[in-house]
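Peer 1: Let me begin by handing over the structure; questions about it come next.
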């Protein structure tokens, strides 16, 4: 069975997905082909790259040809130290994306075993924390975000369904709206609206896991209606919501 695990600071999908059309995530994503390589096209390149592992940065326009591969996709908060640690563990990259995880063979072997055994969420979390995310050396540790951006992120996460205006957020940290927009993108890597939308997608997954219909979950997460959610989902993930939430998708959502 395909599974989507959602934790506080990251999420992990393991299973089959259709090919993923052009999209921009609101998070970083470490994509791994568990049983065979896949292909990725970056927006700034005309060359498809075949790989077993790739780290896609937040907001990077890209598309994926999966060719039926069993995929593991680790979603990483763009402001988290985990993202910085994995960046330092990638060995290659000429454009925005980074390729070839340093301990790729070991990680893929563990993921193949996890796919076959279907362990519980605690075991999967341990695998992610212990094996996939390397512990950074002291000199590689990420510098904390600007304290004003940290405050804005905390405020938005407290109530993702509340649509704070840019003026309200800027006044909260004594910045002009223009300065806040620029500083947020500089510090986090994605525009503030995409960051908020990304977290609303997490709320949708949590509500569906609790038994809500997809429409009710989308409304509960702050989307205007199901059409708004569907457009936003395709733009962010490059697939339709039914690819994850539909009955034929056979995806179990685990909120840990």
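Every number here is computed from the coordinates shown, using simple stated rules; none is lab data. These numbers were taken from a predicted model, which means no experiment stands behind them. All Cβ positions, glycine included, derive from the backbone under ideal geometry; neighbour counts span all protein chains shown.
Peer 1: Could you tell me what % of all Cα pairs in the range 2-140 have separations over 24 Å?
Peer 2: On the way: 2197 of 9591 pairs.
The proportion of pairs with Cα distances above 24 Å equals 23 percent.
Peer 1: In what sequence, highest mean first, do 51-59, 6-14 appear when ranked by Cβ atoms within 10 angstrom?
Peer 2: Working: 51-59: 22.3, 6-14: 19.6.
Ranking, from highest mean packing down: 51-59, 6-14.
Peer 1: Counting DSSP beta bridges with both partners in the chain, what percentage is antiparallel, nearest 5?
Peer 2: The antiparallel proportion sits near 85 percent.
Peer 1: Okay, next question. Compactness ratio of the range 203-256: Cα Rg over 2.2 N^0.38 Å, N = residue count? Show your work: numbers first, answer last.
Peer 2: Numbers: Rg = 10.5 Å, N = 54, 2.2 N^0.38 = 10.0 Å.
Relative to the 2.2 N^0.38 Å estimate, the range 203-256 comes out at 1.05.
Peer 1: Going by a ≥ b ≥ c, the root eigenvalues of the Cα gyration tensor, does the chain fall in the rounded group (a/c under 1.5), the prolate group (a/b larger than b/c) or the oblate group? It would help to have the intermediate numbers written out before the result.
Peer 2: Details: a/c = 1.55, a/b = 1.20, b/c = 1.29.
Taking the square roots of the gyration eigenvalues as a ≥ b ≥ c, the chain is oblate.
Peer 1: Of 202, 193, 130, how do they rank once you tally other Cβ atoms within 10 Å and put the fewest first? Walk me through the intermediate numbers first.
Peer 2: Numbers: 202 21, 193 13, 130 10.
Arranged by neighbour count, lowest to highest, 202, 193, 130 become 130, 193, 202.
Peer 1: If you take the square roots of the eigenvalues of the alpha-carbon gyration tensor of the range 146-256 and sort them as a ≥ b ≥ c, do you get rounded (a/c under 1.5), prolate (a/b over b/c) or oblate? Don't skip to the end; give the middle numbers.
Peer 2: Values: a/c = 2.37, a/b = 2.18, b/c = 1.08.
Prolate shape, in that a/c is at least 1.5 and a/b is the bigger ratio.
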